[in-house]
Every structure is written in structure tokens, then in C-alpha cells.
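The values are calculated or read from the model by the stated rules, or taken from the named source; none is laboratory data. Fair warning: this is a prediction, and the values are worked out from it, not measured in the lab. When we count neighbours, we look across all protein chains shown, and the Cβ atoms used for this are built from the backbone with ideal geometry, even at glycine.
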Amino acid sequence: MKIFSVIPLISSIALLSACGGGSDSSNTSSSAQSVSSSVSSETLSSAASSSLISQSSVSSESTSSTSSSSSSFDGVTITHEAENNFFSGGVSKTDSYVQNFVNIGARSIFTVNASSSAAHTVNLRFANAAESSKTLNVYVNGIFSLTTTLPPTGGNTTWATHAEQLTLRAGINTISYQYDAINSGNVNLDSIGVQGGAALATRGATLPYQEFEAEDGVTTGQISAADRTYKTVESESSGRKFVNLSTTGEYVEWTTTKEANALVVRYSIPDSINGDGASASLSLYVNDTKIKSLDLSSRYAWMYGDFPYNNNPTNLNAHRFYDESRFSGLLIPAGAKIRLQKDADDTAAYYKIDLIDVEKIEPAYTMPSNFISITDFGAIANDSIDDNAAIISAIASAKTNKKGVWIPEGKFILSGRPDISDVHIRGAGTWYTVLQGINGKGGFRGQGSNVTVAD
């Protein structure tokens, strides 16, 4: 029965025209850092500790290369070209750099990949044709980190390198250089080099998880034939195939390449006769040892009838067979065998497995400085009471007081779809903060600029 849907905090702002981002929910797994439209320093201000290392190595040539890497004292340095990354607020690009940091809100946002969660040296290559130093504010993952001071270099294409220590998360981060009201701007940016960085994917998104298709695993179940016919389970499968486990003892198994502590399973089990949903367990083994019974449900899958669809199986035309459930707190070593197996106490008639994702997730994030929590306005995590009014009140207070809105770890119920503008909303991470919509509602609706929704 589709009483409510789990709304991922990051994808709930999907109506915004935005840079960066991704989605996650208690029933899905993917990583995201932030979604934002044009920015103001007041709504994004939050202190983060960092130290400044200033060094100038000036050269007169301009650069036109793309991402590259070289050896450095703390690992590989990955170079990210400004002209190949996101910019807005009046910033424009040439063939080899970005310019026109002349208006408040002008910004250049680099998407980078860090090999570890730690302080990393980030080398900004810039040019300053003025006779005095210029400043920009630096944000990491949407949070204010520091104000960088860039000395004169002698020309618009005479380049110098300025280094900062910035604390990055393991995996995807954004690093933004922004002209705020307190800054002087008027510099050109060529690139940044992240020491201890990791290369971005050359094609498609850089993902934090390993994904394994069921049909590519080792199985004693049945691998379906590929089929694209509408309203078949195969047509909704990622590779147009799945593995069916229908007999006690049948399994599908993969070997990981990296350490992980979290798992997502994309699966289909039979719905109940009345459409309210059925539940069943499925056994998880790591290196031949059962470590958990995974609780699965058809409650949020299976739709029937014609558009706008319904939950009544007598209307036939079944579709939307799959759901995704996620499980954390696991211990999965690199090179481990992961097995999904139908044991005697796993009572669903069948388990159609599309894929799994395995991921090493970080602990929940803590509330940044200059943010207010929705719990201060009456929101309570993990209960059955609607938190819509509390969230709306928190947003209104944050806008008045030039603060951000914090949604802590836990599940919060949202019966509406609040309009947001000129506000910064953050959570404890996509594996930890969940907005659960009810009555077909949930999420946020962007109605203006200066919006950030992250984690």
C-alpha cells in the first residue's frame, strides 16, 4: 500500500535549476553533496576550521590543459580546470580560465574527489592584475571555510599559486570561490590542484559505491532472459535481466573490491492480494557466514491500473515492481564474498534481484555553526507526528536571522511541500536524514534564488 513515500533530502529540490547534487533516501542509495542556485554569503555563512598557507610561484603563461595529475608530498595532485567546472553570477570563461569576478554572487565551483576525509592542500592558480591584494570567500561543500587573499601577480594572465588547507570528505566535494559582499574580487582563476585527490570518472557520475548486477554474479537461481516489453519485470531491470531466487538454498553472490559498511538491494517480491504490501526476509552472508536477515517489503512497490495508477490489484496492469532497501552497520572487508540467499525462514514465493550497491559511508555530520535546528521548533525525529509546521517555522526564522536550517539525523514527516527561497538547508547525510512525505506530498519547492539543500 502506497501510504507515503520516502523523500530524499537532496532530490526533494529537483525543481530547482541547480548545480551539483544527487539523491538518496531510506529506500535508495546514492551520494550527493549539495544542490544550489545563486548564493548569498549570509545564508551560507558557517565557520569551519582551516589554516592558510601562502605561497606565490608566478609565471607568465596561461594554461589550456584539462585535468591532470602529478606526484606531491601528500599523494597525487589532481588538477581541475576552472573553465571546465561550474560558474555563475556573471563569471565568464575564455579558452583556458574564468574571469569577471566583478559582482556580488560571482562564483566558480569545482567538483573534486578526495581520497580520504582529511585536510588537503588545495593550490589555486590565479591572476591579479591590480596593484593591491584581492579577496574571495572559499566554501567547501556549501559551508564557508575561509577568506582567501590573493596578491598582485602583474597581469591578467600572469599566474601565481596560492595554497590553502581545506578539510574535505572522502569522495565527492565541491570547492567554491565566491565574491561576497565583504570581498573585492576582480581576479581570474585558472585551476585548482588537490593534493591527495582522486580522479573523477571519465564518463558519467563519480559514485561512492560499488554496483553489482545480479546477472553478473555467481548464482544457483535463474537468470532471466533480456526483455524490454512494457510491464515486465525485465523491462524495469537495470540490465533488462534479473536473478530469481525461488527455492530454499538458492543464492546470488558477488566479490567486492573495496571495504564497505552499507548495502542497498534492488529487488522485487510478490505483493499482497489486497495491495497493502507483503513483508519477507532475505538472508545476507559475508564470506559464507550469515550476518543478517534483511527485512524487505512490497509496500512501496507494485502499482496497478491506468494513470494516475492505484493500489488495487484487481485493476491489473501491474508495474513498478522494484523497491530498494538499504542496510548500514555492516562489516564487509575488501575482497569479501557477499551472498543473498533464500533460506528456509525467508518466506516470499520469490525474490527477483536486480542489483546491489555496497558503500563505505561516513558517520553522520554535525550541525555547522550559524544554523538552527528544526527540533528547536517542535520537530521530533522518528515519531508519527507531522513535522511540516515545525520545518516551515524553522525556515522562516532562519531567513529572518540570516542563518541556515539544520535537519538532524532521523526520520521527519512532511505533509506539505514548503516553498523555499533565500535559505540554506542541510542534513546529517543522505544515509541519516530522511524526509518522509505523506499524502502525495513531501520535499521542497524552490521558488527563488539563493537556495542550497544538501546532505
Checking I269 against (1) closer than 21 Å to I361 by Cβ; (2) in contact with a Ser or Thr (Cβ under 7 Å, 6 or more places away or on another chain), only one condition comes out false. Which one?
(1)
Looking only at residues that are charged (D, E, K, R) and touching a residue at least 24 places away in the same chain (Cβ under 8 Å) in segment 117-152, which one is nearest to Q165 (Cα to Cα)?
R125
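Kindly evaluate K360 against the criterion of being touching a residue at least 12 places away in the same chain (Cβ under 8 Å) and in contact with a Ser or Thr (Cβ under 8 Å, 6 or more places away or on another chain). I'd like the intermediate steps shown before the answer.
Values: touching a residue at least 12 places away in the same chain (Cβ under 8 Å): yes; in contact with a Ser or Thr (Cβ under 8 Å, 6 or more places away or on another chain): no.
Against the criterion (touching a residue at least 12 places away in the same chain (Cβ under 8 Å) and in contact with a Ser or Thr (Cβ under 8 Å, 6 or more places away or on another chain)), K360 does not qualify.
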Which of the residues belonging to segment 202-243 are closer than 18 Å to R320 by Cβ and more than 28 Å from the chain's Cα centre (by Cα)?
S224, D227, R228, T229, Y230, K231, T232
Sort out which residues of segment 157-180 are among the small types (G, A, S) and either assigned to a strand (DSSP E or B) or in contact with a Phe, Trp or Tyr (Cβ under 6 Å, 6 or more places away or on another chain) (or both), and write them in order of number.
A160, A163, G171, S176
Considering only residues that are aromatic (F, W, Y) and either in contact (Cβ under 8 Å) with a residue 60 or more places away in the chain or in the same structural domain as A260 (by TED's automatic domain parsing) (or both), which ones fall in segment 371-408?
F371
Subset of segment 344-372 (residues that are of a type outside the set (A, V, I, L, M, F, W, C), under 22 Å from the mean Cα position of the chain (by Cα) and over 27 Å from L331 (Cα atoms)):
P368, S369
Checked against (1) at pLDDT below 95; (2) among the charged types (D, E, K, R); (3) under 28 Å from T366 (Cα atoms), E164 satisfies every condition except (1)
What number goes with the only condition from (1) surrounded by 16 or more Cβ atoms within 10 Å (Cβ to Cβ); (2) closer than 15 Å to G443 by Cβ; (3) under 22 Å from the mean Cα position of the chain (by Cα) that D387 does not pass?
(3)
Just one of (1) assigned to a strand (DSSP E or B); (2) in contact with a Phe, Trp or Tyr (Cβ under 8 Å, 6 or more places away or on another chain) trips up G275, so point out which.
(1)
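Can you name the residue in segment 83-129 that is closer than 18 Å to T147 by Cα and in a loop (DSSP other than H, G, I, E, B) and is also farthest from the chain's Cα centre (by Cα) among such residues?
Per the criteria, the residue is N128.
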